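Read the structure below first, then the notes.
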Amino acid sequence: MPEEEKTNYKTMTTLALRGLTVYPEMMVHFDVGREASIKALEKAMSSNEPIFLVAQKDIRVEAPDQNHLFSMGTVSVVRQILRLPGKSIRVMVEGKYRARLHSLVQTDPYLAAEIEPVEIPQSYEGKTNSLRAEAAIRQAYELFDRYSDLTPKNTSADMLLNIMSSEDAGYIADFIAQNVSMRVADKQSILEEIRPVQRLTKMNRLLHREVEILEMEQGIQRRVQENMTQNQKDAFLREQVRVIQEELGEDGDSEIAAYRRQIAEAKLPEEVEAKLLKEVTHLEKQPFGSAEASVLRNYLEVCLELPWTKTSKERVNVQAARKILDADHFGLEEVKERILEFLAVKQLAPDLKGQILCLVGPPGVGKTSIGMSVARALNRKLARISLGGVHDEADIRGHRKTYVGAMPGRIINALRQAGTRNPLLLLDEIDKLGSDMRGDPAAALLEVLDAEQNNAFRDHFVELPFDLSDVLFITTANTTSTIPKPLLDRMEVIELPSYTDEEKLQIARNHLIPKQLKRHGLKKSQLKLTDDAIRELIVAYTRESGVRILERELGALCRKAAMKIVSDGVKSVSVTGDTLEQYLGPRKYYPEKNGMENQVGLVNGLAWTSVGGTLLEAEVNVVEGSGKIELTGNLGNVMKESAKAAFSYIRSRAVQLGVDPSFYKDKDLHIHFPEGAVPKDGPSAGVTICTAMVSALTGIPVRGDVAMTGEITLRGRVLPIGGLREKSMAALRNGIHTVIIPKDNEADLERIDQTVRGALRFIPVSHVDQVLANALERPPLTQPSQTGELSAGMRSADTHAPLHQA
């Protein structure tokens, strides 16, 4: 390229525009979000330099290069920059003159390009006063006026005046192109046309096309409006036909008559009947096919299906109920006794209301099935409502019928399902209710489960009072800790304990095996299970409080037996404890025995989990250090505080326990609970931790056949704990001979299975000194404690843990 031709080129900061074109002599504001574009604008603003604005061919490209940009743009001046919330800015620019893009010379941190200003030749300037230019200008006036009438929101009178006051064909073309909605390619074609008259002529063609499109859109809208008017006319004519039919005595609306007949035959309460007749009258006035008519029909059908007055004859017979409960469930004597007491009161006082039972226990112990048995014993209809995961108040109370897709709540739906006004409603998993921005379903249940309020329960959909006082509510839960206190106060809690191994044996023998044999098409003689096989199945293949997994494993045995009978042609299959692994594979669980060896710093604790009791070992190591305590094993805050309380107690009685009084200065204690992936919490590991620490500090071994549980205080008192039944079963299962328990839990021994109680030696204690005397091989140098008796006000019980409850 000759040197004289290159002198016209300029290097300038460049901004790529998406969906926008800027013209000379136009003031435009727009938002910028790309980082490179923001830096380009800031550079131009800070250095008071012009910036080259050029449109992108494809607005989806985030980092454009020269191939993505049009060849013609506008050199502009940045007038104002306004920062918006976030990372974007709003900028105002003023176009100066056209320029042609020669090449991009920089892409980072912003675009910079070599451009060539475009000058309009003098020969073109003279033609703007020609007759052809005058004709193009007049056509532009007319077209823009029509465009303004079609888009009053996008144009203003000032724009039209601005055009009318100018006689520059090029300026008029640029102004219209800047303010009319067009495709980017069309706008770019106007920018690239440097001849003023030809530019305006092209603009007129594009504007004429845009005006025709807008007129066509308005025509379509008018036709749609006319069709809607016709539909309204049809509805009016149908209404006239209906009135004429009524005048002639003809039954033109059999649906309305059917609703009135159903309401009359239902013998509804006065308030309900008046409300439904009013809704029928409202339906009668609705035009054919209206949305409101569909809502009213749905409402009437729901209300007419509700059992406003229908009841089932209740059978309150304690002896019959006892037979049904005994036939359906083995064990659970305390639970059965409490339910029979409830029925006895109902037999003496039939009008007694407000009895709401809450069955609490681990999964699989028979909470739901007990509710079903009670319904069968009382001859009441049963409706089950699963509350697990419910987090919307409308699930309980329903939605207003004006909403699209509205429906009644679960309580009303359950009554429709039961078909009587005195069913047994089983509210399952009430402890798993949730809440969010749509309301708290637990709060909605307060009215449902309150005998003083539920005689006029109003569902949002039905909008009529329904008497729930004759409904028997039984709720189930795995724990009471997650049930809101006001809701828990309305229910009488009945706890269902875990099954012992002997109870599981009887349940399997009398209930589960016959059920699985029938399900798998086997006869009793075709599969024989010895008691040893069932016991081995319970211990080696299940670890649960209930019997769900046990039933599943029995089903697997039935399938194996069926396969053997069909494939091998054998007549029967006999399974013993020794042959069980041939059918179910290697055992899944092994006894948690530590060899019964007496070891220093290793103590057998007892924990209560969601699947029953388990052995929980505590290990303590003493190393040289600076008095730090390290706690590991995925422990909760309560368990950590128990360790600190035990440490303080030992420090306060170091001399009496035969421990170096300065051990806390030069010794580090590491307390660890194995199975670190399992969360553990609760206060009842206090005596376990204290015993392990004393053993580690004194070097006296702990007896391996002893297990213990109890909360410890700073004064060495041993406080009561929970879950003693499950913990004692775990001790027996793991070969423990002696169990140390808090003295205040001595009364709980009456609730322990007699087999377990006879096999274990229980030592009630009230102070840590008694624990050490029975757990260590030889007692430390202890002296009598000065602590008093435990006051009733300081007693506490365990709270439930995520998995392991110490």
Within region 697-715, the residues that are open to solvent by less than 20 Å² (accessible area, probe 1.4 Å) and either of a type in the set (K, R) or in a strand (DSSP E or B) (or both) are V702, V706, A707, M708, I712
Could you check V547 against (1) surrounded by 21 or more Cβ atoms within 10 Å (Cβ to Cβ); (2) within 25 Å of G704 (Cα to Cα) and say which number it fails?
(2)
With respect to the numbered conditions (1) in contact with a strand residue (DSSP E or B) (Cβ under 6 Å, 6 or more places away or on another chain); (2) in a helix (DSSP H, G or I); (3) open to solvent by 20 Å² or more (accessible area, probe 1.4 Å), which one is the sole condition not fulfilled by R384?
(2)
Take the residues of region 51-79 that are of a type outside the set (K, R), without any contact (Cβ under 8 Å) to a residue 40 or more places away in the chain and open to solvent by 80 Å² or more (accessible area, probe 1.4 Å): which is nearest to S37 (Cα to Cα)?
E62
Evaluate region 157-177: report whether one residue or more is open to solvent by 90 Å² or more (accessible area, probe 1.4 Å), over 55 Å from the mean Cα position of the chain (by Cα), at pLDDT 90 or above and not hydrophobic (A, V, I, L, M, F, W, C).
no
When you scan region 30-44, how many residues do you find that are out of contact with any Pro (no Cβ under 8 Å at 6 or more places or on another chain), open to solvent by less than 40 Å² (accessible area, probe 1.4 Å) and either among the basic types (K, R) or not in a strand (DSSP E or B) (or both)?
5
Given the conditions (1) touching an Asp or Glu at 6+ places or on another chain (Cβ under 9 Å); (2) crowded, with 17+ Cβ neighbours inside 10 Å; (3) under 17 Å from R509 (Cα atoms), report the number of the one that L529 does not fulfil.
(1)
So for region 399-411 (the condition being among the basic types (K, R) and farther than 14 Å from D459 by Cβ), does at least one residue qualify?
no
Residue match in region 580-592 (condition: under 28 Å from K727 (Cβ atoms), open to solvent by 20 Å² or more (accessible area, probe 1.4 Å) and in a strand (DSSP E or B)):
no
In region 258-299, which residue that is among the small types (G, A, S), open to solvent by 40 Å² or more (accessible area, probe 1.4 Å) and assigned to a helix (DSSP H, G or I) is farthest from K401 (Cα to Cα)?
A264
Taking only pairs six or more apart or across chains, which ones have beta-carbon atoms under 9 Å, a first residue in region 507-533 that is more than 14 Å from A556 (Cβ to Cβ) and acidic (D, E), and a second residue that is open to solvent by less than 90 Å² (accessible area, probe 1.4 Å) and not in a helix (DSSP H, G or I)?
D531/G577; D532/T576; D532/G577
Has region 351-361 got any residue that is more than 37 Å from the chain's Cα centre (by Cα) and assigned to a loop (DSSP other than H, G, I, E, B)?
yes
From the set of residues in region 80-92 that are under 26 Å from K57 (Cβ atoms) and of a type outside the set (V, I, T), which is surrounded by the fewest Cβ atoms within 10 Å (Cβ to Cβ)?
K87
Restricted to region 486-521, and to residues that are polar (S, T, N, Q) and in a helix (DSSP H, G or I), which residue is most open to solvent (accessible area, probe 1.4 Å)?
N510
Check whether at least one residue in region 370-377 is part of a loop (DSSP other than H, G, I, E, B), in contact with a strand residue (DSSP E or B) (Cβ under 8 Å, 6 or more places away or on another chain) and open to solvent by less than 20 Å² (accessible area, probe 1.4 Å), and report yes or no.
no
Quick one: in region 550-575, of everything that is farther than 26 Å from R733 by Cβ and outside any helix (DSSP H, G or I), which residue is least open to solvent (accessible area, probe 1.4 Å)?
V573
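Per-residue answers, yes or no, for (1) farther than 29 Å from R183 by Cα; (2) at pLDDT 90 or above; (3) in a loop (DSSP other than H, G, I, E, B):
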{"position": "E5", "(1), (2), (3)": "yes, no, no"}
{"position": "T14", "(1), (2), (3)": "no, yes, no"}
{"position": "G19", "(1), (2), (3)": "no, no, yes"}
{"position": "V28", "(1), (2), (3)": "no, yes, no"}
{"position": "L53", "(1), (2), (3)": "no, yes, no"}
Within region 716-765, track down each residue that is open to solvent by less than 40 Å² (accessible area, probe 1.4 Å) and assigned to a helix (DSSP H, G or I).
L724, E726, K727, S728, M729, A730, A731, N745, L749, V756
In this structure, is I474 outside any strand (DSSP E or B) and of a type in the set (V, I, T)?
no
Being open to solvent by 80 Å² or more (accessible area, probe 1.4 Å), among the hydrophobic types (A, V, I, L, M, F, W, C), more than 40 Å from the chain's Cα centre (by Cα) and modelled with pLDDT of 80 or more, is that true of even one residue in region 326-344?
no
Does R98 meet the test of being under 30 Å from D168 (Cβ atoms), open to solvent by 90 Å² or more (accessible area, probe 1.4 Å) and in contact (Cβ under 8 Å) with a residue 24 or more places away in the chain?
no
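The values are calculated or read from the model by the stated rules, or taken from the named source; none is laboratory data. These numbers come from a predicted model, not from an experiment. Positions of Cβ are backbone-derived with ideal geometry, glycine not excepted, and every protein chain shown enters the neighbour counts. When the accessible area is computed, the model is the full protein with side chains, heavy atoms only, and any ligands, DNA or RNA have been set aside. Shrake-Rupley method; radii C 1.70, N 1.55, O 1.52, S 1.80 Å.
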